[in-house]
C-alpha cells in the first residue's frame, strides 16, 4: 500500500502566515534616506541588537543620547552621523578592523569639543586613514587630536 490512509499535511491557517514586509527589518537596512521615517537612534540600536527595537527600548534611548552628543559637536545631524558611522564600520571591516557604528561615534565625540562644528564626514575619513596607519583606536585618536578637526564640506546637511 502506498499510504492511502495518510492524510495530506494541513496548510497553515491564513491568519498564522505573516506577510513579508520590507518595513519590518529596520536592523537589516544599510542606509536611511532623508525621506525615511526611521529614527537614526532606533536604526543604529536595531543594527546593534540584530533585531528591530522599539523607540522606547533602552538601547535606542542610549543611542539617541550618543547621537545628540555628536550633533552638538558636528555640523551634520543625527541621520547623516548614523549613515556615516555605518559607512566607517564597513570601510574599517575591509581593512580587518572591527568597530561598530557606536564605537566610531563615541571615538569621534571624544575628540570633538561641544560647539566644534567640525564636519563629521570629513572627520570620519581622517579617522579611517589614521586607523589604517596605526595599530589601535587610541593611537588613531591621538593622531587626530594633534590637528584641528576638518571643517564641514560644502553641502553637508543637517
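The values are calculated or read from the model by the stated rules, or taken from the named source; none is laboratory data. None of the values given here were measured: they were computed from a predicted structure. With ideal geometry, Cβ positions are generated from the backbone for all residues, glycine too; neighbour counts draw on all protein chains shown.
Please specify each residue of the stretch 121-136 satisfying the condition of being closer than 19 Å to residue 76 by Cβ and either in contact with a helix residue (DSSP H, G or I) (Cβ under 7 Å, 6 or more places away or on another chain) or crowded, with 21+ Cβ neighbours inside 10 Å (or both).
Scanning the stretch 121-136 gives 121, 123, 124, 126, 127, 128.
For the stretch 110-117, state whether one or more residues are part of a helix (DSSP H, G or I) and either within 20 Å of residue 44 (Cα to Cα) or in contact with a strand residue (DSSP E or B) (Cβ under 9 Å, 6 or more places away or on another chain) (or both).
Within the stretch 110-117 (the criterion being part of a helix (DSSP H, G or I) and either within 20 Å of residue 44 (Cα to Cα) or in contact with a strand residue (DSSP E or B) (Cβ under 9 Å, 6 or more places away or on another chain) (or both)), the answer is yes, since at least one residue qualifies.
What do you reckon, is residue 69 in a helix (DSSP H, G or I), surrounded by fewer than 23 Cβ atoms within 10 Å (Cβ to Cβ) and touching a helix residue (DSSP H, G or I) at 6+ places or on another chain (Cβ under 9 Å)?
Yes.
Out of 139, 118, which single residue is over 29 Å from residue 25 (Cβ atoms) and buried (at least 21 other Cβ atoms within 10 Å of the Cβ)?
Criteria check complete, one pass: 118.
Kindly evaluate residue 42 against the criterion of being free of Cβ contacts under 8 Å to residues at least 60 places away in the same chain, surrounded by 18 or more Cβ atoms within 10 Å (Cβ to Cβ) and within 13 Å of the chain's Cα centre (by Cα).
It is true that residue 42 is free of Cβ contacts under 8 Å to residues at least 60 places away in the same chain, surrounded by 18 or more Cβ atoms within 10 Å (Cβ to Cβ) and within 13 Å of the chain's Cα centre (by Cα).
Please go through the stretch 94-109 and give me each residue that is in a helix (DSSP H, G or I), modelled with pLDDT of 95 or more and surrounded by fewer than 18 Cβ atoms within 10 Å (Cβ to Cβ), ordered by number.
If the condition is that a residue be in a helix (DSSP H, G or I), modelled with pLDDT of 95 or more and surrounded by fewer than 18 Cβ atoms within 10 Å (Cβ to Cβ), then 103, 106 are the ones that fit.
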